[in-house]
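Computed from the coordinates by the stated procedures, all read-outs in this text should not be read as laboratory data. Nothing here was measured: the structure is a model prediction, and the numbers come from that model. Cβ: placed from backbone, ideal geometry, glycine included. Neighbour counts: every protein chain shown.
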Amino acid sequence: MTRVAVIGAGIVGLSAAHFLQKAGADVTVYESGTPGSGQSAGESRIFRHAHDDVRLAAFVRHSRALWREWEAEFGVELVSSAGAVAIGDSVEDKLRVLSGLPEVPVKLLAPGQLAAALPILADFQGKAMLDAHGGAIQTRAAFEALAGKLGDALVADHVMAVRPAAGQGVEVRTGTRVDRFDHAVLCAGRGTAALARGAGLDIPVELAAHARVTFRVRDVQPAPLPTFQDGSGVFGETGVYAAPSADNLRYSVGLSETTEVRQDGSLADPAALESLAARAAAYVRTALPGLDPVPAGYVHCWVTRLPWGDDGVGIWSAGSVSAVAGHNLFKQAPALGEALAETALSGVVPAVLRPESQLGKS
């Protein structure tokens with residue numbers, strides 16, 4: 001039986017572990033905190049198909065099919081059926097990319113249809129669309145389902161180093177252990193590039209920090225709310241994204257803008273996260289009158305981008321170690337976990353995820 005270590009119990013690490021277990025591997029998952037408490041933190045995430053790179057849109061379409069398979073396997077809804085709404089002139093580009101994927105139903109929304117689909121939004125007369133198979137990923141349900149399958153395979157410890165072992169295989173050295181495996185898969189978020197470097201893999205991650213703010217929905221909504229992206233600038237910001245909680249009582253709003261991180265890993269401006277959160281609240285007061293503009297919660301997290309785009313993703317692999325890196329990966333987690341399991345067991349990275357393919361290139 002192939003023994004595989006997975007470093008990191010975020011959504012991608014848990015997905016990789018799940019597919020490895022289904023393939024018959026003996027899996028150990030290392031996580032220093034609670035599963036899902038790092039870059040995967042938060043009540044919900046956006047599932048959307050639209051991306052600049054049609055290859056990534058197709059990859060995400062496959063991931064959506066795997067989310068459905070998980071729903072059947074675990075007996076719980078993992079992606080809401082309310083869809084994903086986007087507004088602004090970029091809607092035309094999104095529709096153009098998705099026109100090549102007829103299995104992804106999208107449509108333009110007239111102002112009245114937009115108001116019905118997203119009643120918490122202020123009046124908007126511009127371009128709008130609905131990705132009917134998009135929706136809010138129920139993150140807590142996903143973590144409970146995936147982590148619940150691990151049992152004793154989850155080890156609560158921090159990994160200090162991963163390196164090829166003498167002879168063959170790989171050594172994983174933690175705060176309290178030294179273990180050997182046939183293969184190690186690095187899904188450690190901010191820590192992935194540093195661990196990979198010790199194993200001989202150079203991953204060009206650009207680190208930043210981000211803030212997302214949760215607001216209460218003012219009135220009980222008769223139907224689940226869709227997720228939301230605003231690239232219009234009409235309400236004072238562009239690059240806004242938002243998603244409802246599973247109970248439809250809260251809505252989390254963030255700006256795609258991030259704040260700089262120094263080379264030593266510290267914030268260049270410690271007040272910048274507060275500024276981003278304040279701008280999100282100001283946006284809510286203008287654009288989302290259906291929300292109480294007083295923040296009800298925060299998620300502050302690290303962002304790990306690749307040089308070829310905000311949605312860039314790739315898998316690096318050499319010998320007995322593989323690693324995944326990129327940004328906006330939550331929706332891709334099932335497909336990435338499947339690809340990481342394949343890489344660990346076969347030694348071959350799927351072509352579209354090799355770094356030279358630059359999947360997700362803007």
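Under 5 Å between amide hydrogens, built in the peptide plane, is the criterion, and for residue 318 it picks out nothing among residues at least 5 positions away or on other chains. The residues packed around residue 250, meaning those with a beta-carbon under 10 Å from its beta-carbon, carry a net charge of -2 if Lys and Arg are +1 and Asp and Glu are -1.
Note that the stretch 161-172 has calculated 3J(HN,Hα) couplings of 7, 10, 8, x, 7, 4, x, 7, x, 9, 9, 10 Hz, one per residue in order, obtained from phi through the Karplus relation 6.51 cos²θ - 1.76 cosθ + 1.60 (θ = phi - 60°); glycine and proline are x. Between the listed residues 233, 116, 188, the Cα displaced farthest toward the positive end of the dipole of the chain, a dipole computed from Cβ unit charges relative to the Cα centre, is found at 188. A simple rule links phi to the HN-Hα coupling: the Karplus curve 6.51 cos²θ - 1.76 cosθ + 1.60 with θ = phi - 60°, which for the stretch 259-265 gives 10, 5, 10, 6, 4, 7, x Hz, with x for Gly and Pro. Its DSSP H runs of at least 4 residues, each contributing -39,500 (n - 2.57), put the calculated 222 nm mean residue ellipticity of the chain at -8000 deg cm²/dmol, to the nearest 500.
If the segment from residue 76 to residue 110 were pulled out straight at 0.36 nm per residue, it would be longer than the present Cα-Cα gap by 9.0 nm. Among 236, 189, 326, the largest mean-square fluctuation in a Gaussian network model of the chain (Cα springs under 10 Å) belongs to 236.
Under the simplified labelling scheme, the residue 223-residue 55 pair shows an inter-label distance of 3.8 nm, with each label point 7 Å from Cα along Cα→Cβ.
Taking the Cα centre of the chain as reference, the dipole from Cβ charges on Lys and Arg (+1) and Asp and Glu (-1) amounts to some 160 debye. Our coupling estimate for the stretch 339-351, obtained by passing each phi through the Karplus curve with A = 6.51, B = -1.76, C = 1.60 and θ = phi - 60°, is 5, 5, 5, 4, 5, 5, 8, 10, x, 10, 7, x, 3 Hz, Gly and Pro reported as x.
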